[in-house]
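J.: So that we are looking at the same thing, I have put the structure below in structure tokens.
The values are calculated or read from the model by the stated rules, or taken from the named source; none is laboratory data. Predicted, not measured: the structure shown is a model, and the values here were computed from it. Every residue, glycine as well, gets a Cβ built from its backbone with ideal geometry; the counts of neighbours run over all protein chains shown. Ligands, DNA and RNA are excluded from the accessible area calculation, which covers all protein heavy atoms including side chains. Shrake-Rupley method; radii C 1.70, N 1.55, O 1.52, S 1.80 Å.
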Amino acid sequence: HNFNADSLVDLRQQAEFLAKLGKVDDALEVLEGGIRTNPKESPLLFLDLLVIANNFSRKTDFRQFSAEFTQLFNANVPEFALFRDEGRELEAYPALLDHISGQWESPHVLDVIEACILRDRDATESDPFDLAAFRELLDMHAAAVEHQARLGEIEGLGDAVGGLQQRLREVASVLKAG
């Protein structure tokens with residue numbers, strides 16, 4: 001999964017700019033358009049929707065975005081009034097950090113982190129992460145993608161990395177040239 005694609009960064013910047021101008025509906029529309037393209041690749045767009053809806057007191061929008069987000073992703077969204085309290089950070093999950101650390105040099109680390117990020121509808125015993133830890137998982141995923149590219153192990157993962165392959169090839173070619 002490519003949770004940090006350049007196209008998503010562009011959409012996020014555009015929405016942030018529109019929100020700063022007070023064009024909240026336009027900002028939300030930009031983010032929602034990006035989400036419709038590929039919802040499971042868009043946790044950051046959802047988080048931006050939640051922030052904008054919260055900052056501009058759009059409670060109905062906030063509840064809708066929160067419900068959609070928690071259907072796709074393995075995180076708890078605090079209630080509207082408590083949204084700024086994102087809960088525990090990743091260090092509150094030491095067993096998971098140990099597991100990820102143990103897989104860090106393996107291409108399987110991406111699968112481990114993605115399994116934490118995406119909601120598994122079949123997993124009944126999996127507790128969702130607090131939003132602070134979820135954000136850190138997204139950052140860790142981006143770092144793992146870059147690390148794997150540097151190791152040169154990304155080739156051969158085939159369909160497992162889906163949309164990441166093109167970006168990783170670009171990163172790998174830059175690293176080989178440097």
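J.: Enumerate by residue number the chymotrypsin sites (Phe, Trp or Tyr not before Pro) in segment 1-78 meeting two conditions: DSSP loop (anything except H, G, I, E, B), and at most 16 other Cβ atoms within 10 Å of the site's Cβ.
T.: For chymotrypsin sites (Phe, Trp or Tyr not before Pro) across segment 1-78 that sit outside H, G, I, E and B with at most 16 neighbouring Cβ atoms in 10 Å, the list reads 56.
J.: Shape verdict for the chain, please, from the Cα gyration tensor: rounded (a/c under 1.5), prolate (a/b greater than b/c) or oblate.
T.: Taking the square roots of the gyration eigenvalues as a ≥ b ≥ c, the chain is oblate.
J.: What residues qualify as long-range amide H neighbours of residue 75, i.e. H under 5 Å apart, gap of 5 or more or another chain, H built at 1.01 Å from N?
T.: Residues meeting the amide H criterion: 129.
J.: Using a 1.4 angstrom probe, figure out how much accessible area the chain has per residue, in square angstrom, rounded to the nearest whole.
T.: Result: 55 Å² per residue.
J.: Right, next: What's the carbon and sulfur percent of the chain's accessible surface, probe 1.4 angstrom, rounded to a whole number?
T.: Numbers: 4790 of 9830 Å².
Accessible surface attributable to carbon and sulfur in the chain totals 49 percent.
J.: Most mobile of 27, 81, 132 per a Gaussian network model of the chain (Cα springs, under 10 Å)?
T.: Of 27, 81, 132, the Gaussian network model singles out 81 as fluctuating most.
J.: Using Cα positions and a limit of under 30 Å, work out the lysines in reach of residue 40, with same-chain residues fewer than 8 apart set aside.
T.: Within reach: 20, 23, 59.
J.: Take the chain, connect every pair of alpha-carbon atoms lying under 10 Å apart with a spring to form a Gaussian network, then pick out the residue of 74, 38, 55 with the largest mean-square fluctuation.
T.: 38
J.: Right, next: Sorted by mean Cβ packing within 10 Å, highest first, what order do the peptides 88-99, 139-150 take?
T.: Those peptides, ordered most packed to least, come out 139-150, 88-99.
J.: As a test of the formula, what do you get for the chain when each DSSP H run with n ≥ 4 contributes -39,500 (n - 2.57) and the sum is divided by the residue count, at 222 nm and rounded to the nearest 500 deg cm²/dmol? Before the final figure, lay out the partial values.
T.: Details: 8 runs with 110 residues, N = 178.
Value at 222 nm, helices only: -20000 deg cm²/dmol.
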